[in-house]
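Engineer: Dropping the structure in here first, questions after.
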Amino acid sequence: MASRRRRRSPEESRAELLAVAARLIGERGPDNVSLRQIAEAAGVAHGLVTHYFGTYAALVRQVLTAENDRIEERVRERIRAEDGVPTAAGIMEVLFETLTDERYLRLFVWAEMHADYQGAARPELVDLIDAIEAGIRAALAGRPVPSRARIETVALTGLAAAYGFAIGGRSWLAGLGHDPDDPAHQERFRTQLAAMLGAHMVEESGLQPAE
């Protein structure tokens with residue numbers, strides 16, 4: 001007797017399509033995948049993919065959002081591991097580890113440059129800043145804390161520097177006559193960046209930066 005095929009809910013179908021899309025985009029890059037190819041790989045009609053995601057750019061955005069969620073959870077885990085104290089060094093370590101993944105980097109660059117993605121709301125980034133701010137307040141227990149604006153500036157500077165180094169670092173190091181494959185260069189950059197961001201984070205509160 002043939003087994004009956006399990007009926008999937010819309011949420012399950014959407015999640016499975018997103019997983020297939022993430023796999024194909026990871027293998028081929030975002031410029032070499034189409035909605036039709038995703039539908040074929042998932043064994044569904046092309047119209048179903050369009051129904052759930054609309055455009056290819058919207059689907060890429062969903063894949064990137066899922067990737068970002070994983071990054072932000074790792075930052076939150078680092079905050080929890082440090083008893084609520086989100087040091088700049090710890091957060092930079094998570095960012096740099098993530099950005100050594102060329103698959104993620106290609107996805108990020110494609111999405112940021114795509115017209116449909118630019119200027120999109122980023123509630124997940126707000127959530128991350130909320131988590132950092134809450135960790136700082138809990139750790140300092142009523143003592144002066146950096147302002148929200150200062151925390152946001154540090155986060156944006158860290159993101160910009162980390163992504164910039166991930167994209168152009170190898171070329172810049174080679175241009176300076178250094179071996180771009182030597183991990184010591186990235187470690188020095190990350191350490192110095194974390195030190196500067198940590199000092200800036202606590203400057204207005206009169207605290208000493210964390211080591």
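The values are calculated or read from the model by the stated rules, or taken from the named source; none is laboratory data. A quick note: this is a predicted structure, and the numbers were derived from the prediction, not measured. Ideal geometry is used to build each Cβ from the backbone, glycine not excepted, and the neighbour counts take in all protein chains shown.
Conditions (1) at pLDDT below 90; (2) part of a helix (DSSP H, G or I); (3) surrounded by fewer than 16 Cβ atoms within 10 Å (Cβ to Cβ), marked per residue:
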site: G135; (1), (2), (3): yes, yes, no
site: V145; (1), (2), (3): yes, no, no
site: A155; (1), (2), (3): yes, yes, no
site: G164; (1), (2), (3): yes, yes, yes
site: G169; (1), (2), (3): yes, yes, no
site: A174; (1), (2), (3): no, yes, yes
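Engineer: Six or more apart or on different chains, Cβ under 7 Å: which pairs go from a residue in the stretch 162-189 that's on the phi < 0 side of the Ramachandran plot to one that's surrounded by 11 or more Cβ atoms within 10 Å (Cβ to Cβ) and of a type in the set (D, E, K, R)? Could you list them?
Structural biologist: So the pair list comes out as P180/R170.
Engineer: Looking only at the stretch 40-76, count how many residues are touching a residue at least 12 places away in the same chain (Cβ under 8 Å) and either over 21 Å from F108 (Cβ atoms) or among the acidic types (D, E) (or both).
Structural biologist: Counting residues in the stretch 40-76 that are touching a residue at least 12 places away in the same chain (Cβ under 8 Å) and either over 21 Å from F108 (Cβ atoms) or among the acidic types (D, E) (or both) gives 10.
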